[in-house]
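J.: Got a structure here, written out as structure tokens. Questions coming.
The values are calculated or read from the model by the stated rules, or taken from the named source; none is laboratory data. Since the structure is predicted, the reported quantities are computational estimates derived from the model, not experimental observations. Positions of Cβ are generated from backbone atoms using ideal geometry, with glycine treated the same way; all protein chains shown enter the neighbour counts. Ligands, DNA and RNA are stripped out before the accessible areas are found, and what is left, the full protein with its side chains, is counted by its heavy atoms. Shrake-Rupley method; radii C 1.70, N 1.55, O 1.52, S 1.80 Å.
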Amino acid sequence: KKPKKKKTIYQTATDITKEHKKKDTIIDMRDGVAKIYDPTAKPSSTSDPRSKYCTELQYNTRLLVDLVNAEVQNTAGKIKWKEEALANLRTQQSKAERRSSRLETKIERAEKVYKLLERANTKLATNSFSLESLMTLFQMLHKKFPLEYEELCIESLMVPMILPPFQRYIRVCNPITEPKKLQAALIQWRELFTDADNAFTSKDNQAQYHLLIDDVLLPRIRSVLAGGFELTESEQIVHSLLLWKPFFSTASFQTLMEQTVIPRLSSNLSTWHAHKEPNKHETFLPWFSAFGDELDLLKTTMRQKFAKLLPKADIFAEETHRMMALWFDVLQGYHFDHLLKHVILPSLRSSFSSFIINPVKQKLEGFQALMAWRDVVPIDSLLPFFEEIFFPQFLKVLQLWLSNEPNYREIQQWYIGWKKMFPPMFLDEPRIIYNFHEALLLIKAHLEQ
């Protein structure tokens, strides 16, 4: 019995579409445009008949070209990134090499500085390194190794290394009798702590420098002056201290004055009998002229001494005026104003009140002595003397002269002579002008009679 043949079943396009609907997507390229195949759609009547030739090939070719182009661009970007990374690495390598070279150089220079300082320190320990040699070493380091000098803070090493030889050096120098020799060395040392404008390069440098001054120089000067000194030596000591003052800070110099000079001057002032030794004031004058701010507390004592001396002295004497002229700048301000108000002006008024105007035999000493005080007494303080003492007498004498058949030429000369006795600064004052004008009115009235 022959086996039965299987019946052939044919599928239409619709059946195939339904079967593979969810599995495959068919791209329709018949119109030259890629689109999903739709078997139910009718062919486009406007399609270009030429588009049906090799359309799939054209599409695939363009797709391959786009893929290759994208891959080429991607590869070019990677190559460029690698080239830039390589160039960056080379730059960093070059910088690292230069940095390494600079560090090696700095290490070598720092080692040289260290060896020089170590050698100097070894010699200092055996006292075989002089102050001049040490100064030369630091000047050389400051000049030839400026970066290392700053970075290694060599300034902080100077004072510890300088102190021992500087103390030995200063022991054989007297800072009062021979200050310039010691100052020359200190000026060179100061230059290492300062810049071109002589200003300290930092607060640490300033502190290091003043440490050297306060720990060595100040005690040495104090020891020289501690034994006491005579006022006859004032000029030499004042001159030396004036030279030393710029080397100290304000506070340190004030401390030196309070520990040495002020006690000595205070003692001498308290034992000075001004009325017995009036000229002794000249021994105090250099101190107050040079160090007025530092001796401000002693100005009160000096003022009190003058307050006792002036009433007993001849206020019109040239020595008295010269004395106060010398002290005018020193005591100027409250102290001199106090003396002026309570001592000088009352004494001048008392002495000038005895001045007599006598056309026959005129004595001008009192008038000239009063005028001499105009360099220290304000003109406003002198004007009342002329207004209250001189001109009333002047007008009275003139009136009496005019009433006794006068010689008008003599009166004219007398009037002009007195007017010339007044300096221009007085003749500009309204009160002086008024009184001389009153004298002219008297003369005119007598002539009209």
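J.: In the neighborhood of L297, defined by Cβ-to-Cβ distances under 12 Å, what is the net charge if each Lys or Arg adds +1 and each Asp or Glu adds -1?
T.: -2
J.: Efficiency by 1/(1 + (r/R0)^6): what FRET value for E405 and N358, r their Cβ-Cβ distance, R0 = 22 Å, to the nearest 0.05?
T.: 0.70
J.: Let me ask something else. What is the sum of charges, Lys and Arg at +1 and Asp and Glu at -1, for the other residues whose Cβ falls under 11 Å from the Cβ of E104?
T.: Cβ neighbours under 11 Å give a net charge of +2.
J.: In the full protein assembly as shown, how much of K308 is accessible to a 1.4 Å probe, in Å² to the nearest 10?
T.: 140 Å²
J.: Oh, and also: Rounded to the nearest 20 debye, what is the charge dipole size of the chain about its Cα centre when +1 sits on each Lys and Arg Cβ and -1 on each Asp and Glu Cβ?
T.: Its charge dipole is roughly 4620 debye.
J.: I'd like to check one number: the per residue accessible area of the chain, probe 1.4 Å, reported in Å² as a whole number.
T.: 65 Å²
J.: Same structure again: When P(r) over Cα pairs in 20 Å bins from 0, in percent is calculated directly from the model, which label among (i) 21, 48, 25, 5, 0; (ii) 15, 22, 17, 13, 10, 9, 9, 4, 1, 0, 0; (iii) 23, 54, 20, 2, 0 fits?
T.: (ii)
J.: Any chance you could run the full-extension gain for S94 through Q449? It's 0.36 nm times the residue separation minus the Cα-Cα distance, nm to one decimal.
T.: Extending this stretch completely gives an extra 116.1 nm.
J.: Grab the beta carbon distance between T301 and T177, set R0 = 41 Å, and tell me the FRET efficiency rounded to 0.05.
T.: Step by step, r from the Cβ atoms, then E = 0.90.
J.: Right, something else. Rounded to the nearest 10 Å², what accessible area does R349 show when all protein chains are kept and the probe is 1.4 Å?
T.: Surface open to solvent at R349 totals about 90 Å².
J.: Once R0 is set to 41 Å, what does the formula 1/(1 + (r/R0)^6) return for the Cβ-Cβ distance between W81 and R109, expressed as a FRET efficiency to the nearest 0.05?
T.: 0.50
J.: For the chain, what is the calculated [θ] at 222 nm in deg cm²/dmol (nearest 500), taking -39500 (n - 2.57) for each run of four or more DSSP H residues and dividing by its residue count?
T.: Computed ellipticity for the chain at 222 nm equals -21000 deg cm²/dmol.
J.: Then there is this: Just read off the accessible area of R99 with the full protein assembly in place, 1.4 Å probe, to the nearest 10 Å².
T.: My reading of the accessible area for R99 is about 120 Å².
J.: Probe radius 1.4 Å, ligands and nucleic acids left out: which of Y114, Y209 has the largest accessible area, and how do the rest follow?
T.: Listed by decreasing accessible area, they come as Y114, Y209.
J.: Something else: At a 1.4 Å probe radius, carbon and sulfur cover how many percent of the accessible area of the chain?
T.: Answer for the chain: carbon and sulfur cover 54 percent of the accessible area.
J.: A further question follows. By accessible area of protein heavy atoms, probe 1.4 Å, what ranking do E230, E438 get, highest first?
T.: Largest accessible area first, the residues go E230, E438.
J.: While we're looking at this one, here's another question. Calculate the spin-label point distance for N60 paired with E132, positioning each point 7 Å from the Cα along the beta-carbon direction, and give it in nanometres.
T.: With each label point 7 Å from Cα toward Cβ, the separation is 10.4 nm.
J.: Within 14 Å, Cβ to Cβ, of E233, how many net charges do the neighbouring residues add up to if Lys/Arg are +1 and Asp/Glu are -1?
T.: That works out to -2.
J.: Top to bottom by accessible area (1.4 Å), largest first, where do W81, W287 land?
T.: W81, W287
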